[in-house]
Amino acid sequence: MLSYHFSRQNMPEYAEALARFAPDFLHGYPSSLYVLARHILENNLHSLRPRAVFTASETLLEFQREAIERAFAAPVLNWYGTTEMTCNIVECAYGSLHYRTDYGALELLDGGVMVATGLLNSSMPLIRYRAGDVATARAGQCECGCAFPLIERIEGRIEDYIRTPDGRLVGRLDHIFKGVAHVREAQLVQRRVEELVLRIVRVEGFNADDERMILANARERLGRALQLRCEYVDAIERFAGGKFRFVVSEIT
């Protein structure tokens, strides 16, 4: 199913078609699966019960995971890979992220910048390839018994950071919308160092208290030097291939 056409108007048809097909597994962009999950929760539709849901190609945000798991009553397992076949990171049933040393060799440079050498691409092998993503390592072993090394979390793209006027780079900002019940989806856009625009798609019931909570959560991480402005829109535009970027930075 082409997720590029996911919208409030099309959701009933997608949900009905998936319920008829009754898949054992779902696999898709976190942002698209989240839109589908919200439709299911808001309309009390619970006929779709896969064994597991796999997300890929975008950073999986915590509020997305929570909604998807509630909607489908199934575990959400994160999966990371590159088109260039240099690195593969998979989440096990115990919730740990493992990077597969049989697939490629992963190095984490300063700031968690990912550099990988692929082992399986015989046509065009890439050595110490910078994928443009950021991750954090984790020590120890997982109780699942898998020997592959652990990753604490995949932060996302290097450009998925907000730059503050005092020179800080701040990532992992999805908590801004945690606990806010009346937001369908949102996106952070920074065009100037001095200002951050919070683009929000509201659902019925959104009020001034919701906006105050969002701004307070943002201030907690970003400080007061950055101007914050809420912009209410009907939908968040997708990028090429239907991908959704939570943070859009136009700061060079």
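The values are calculated or read from the model by the stated rules, or taken from the named source; none is laboratory data. Only a predicted model underlies this, so the values are computations on that prediction, with no experimental measurement involved. Every residue, glycine among them, receives a Cβ derived from its backbone with ideal geometry; neighbour counts consider all protein chains shown.
Here are the numbers for this structure:
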| read-out | value |
| --- | --- |
| Candidate set from the stretch 22-38 (those that are farther than 12 Å from residue 74 by Cβ and more than 14 Å from the chain's Cα centre (by Cα)); member that is modelled with the highest pLDDT | 22 |
| Some residue of the stretch 30-43 being outside any helix (DSSP H, G or I), touching a helix residue (DSSP H, G or I) at 6+ places or on another chain (Cβ under 6 Å) and in contact (Cβ under 8 Å) with a residue 24 or more places away in the chain | no |
| Some residue of the stretch 128-135 being outside any loop (DSSP other than H, G, I, E, B) and among the hydroxyl-bearing types (Ser, Thr, Tyr) | yes |
| Qualifying position, being basic (Lys, Arg), surrounded by 15 or more Cβ atoms within 10 Å (Cβ to Cβ) and either assigned to a strand (DSSP E or B) or in contact with a Leu (Cβ under 8 Å, 6 or more places away or on another chain) (or both), among 221, 245 | 221 |
